[in-house]
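Bear in mind these aren't lab numbers, they're just calculated from the coordinates by the rules spelled out. In this text the structure is predicted, and so the values were computed from the model without any measurement. Here the Cβ is made from the backbone with ideal geometry for all residues, glycine too, and neighbour counts use every protein chain on show.
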Amino acid sequence: MDLRRDVFQAIADPTRRTILLLLAEKSMTAGDIASHFDSSRPTISNHIRILIECGLLEKDQKGRKIYYHLNAVKLKEVADFIKPFEKQWDDQRRNKFEDAIRKFKSQK
């Protein structure tokens, strides 16, 4: 059984999704990231470790500090997976819009 982590495991957790959103804005240290949560620093460090294992985060050491930044290219796996569903979303949105227009016209 293959127990390697993947991007989908990483984004399944709301804390990790929030970390990704934070790092989409700018690189941060683990302490900077942890300051945005009520969780303990070791808990946030564990989330960071998982995101690194999945390839979503990379780290750069500058002096004594380690900065984490998003590897957005890795998120393409998610986009590629979702792509086939976009037509269904568009069709649903178009149907709702057409229904609203029909309803509006019938009220006149």
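Label T43 and H69 with points 7 Å out from Cα along Cα→Cβ: what is the distance between them in nm?
About 2.9 nm, to one decimal.
Find the relative contact order for the chain and round it to a whole percent, using C-alpha pairs within less than 8 Å whose residues are 6+ positions apart.
Computed over the chain, the figure is 26 percent.
Sort segment 7-80 into rounded, prolate or oblate with this rule: let a ≥ b ≥ c be the square roots of the eigenvalues of the Cα gyration tensor; rounded if a/c is under 1.5, and if a/c is not under 1.5, prolate when a/b is larger than b/c, oblate otherwise.
On the way: a/c = 1.88, a/b = 1.30, b/c = 1.45.
Judged from the Cα gyration tensor, segment 7-80 comes out oblate (a/c at least 1.5, b/c at or above a/b).
How large is ³J(HN,Hα) for each residue in segment 65-81, as worked out from phi by the Karplus curve 6.51 cos²θ - 1.76 cosθ + 1.60 (θ = phi - 60°), to whole Hz, x for Gly and Pro?
9, 10, 9, 9, 9, 6, 9, 4, 4, 5, 5, 4, 4, 5, 4, 5, 5
Roughly how big is the chain's charge dipole about its Cα centre, with Cβ charges of +1 (Lys, Arg) and -1 (Asp, Glu), in debye to the nearest 20? Could you put the intermediate results ahead of the total?
On the way: 22 positive and 16 negative charges, 82 e Å.
The calculated dipole for the chain is roughly 400 debye.
What's the ranking of 82-95, 65-78 by average number of surrounding C-beta atoms within 10 Å, highest first?
Working: 82-95: 9.6, 65-78: 14.9.
For the peptides 82-95, 65-78, the packing ranking is 65-78, 82-95.
K26 to R5: FRET efficiency via 1/(1 + (r/R0)^6), r the Cβ-Cβ distance, R0 25 Å, to the nearest 0.05? Walk me through the numbers on the way to the answer.
Details: r = 25 Å, r/R0 = 0.99.
It comes out at approximately 0.50.
Pull up all non-local amide H partners of M28: gap of 5 or more, or a different chain, and H-to-H distance under 5 Å with H placed in the peptide plane.
Amide H neighbours of M28, under 5 Å, 5+ apart: Y68.
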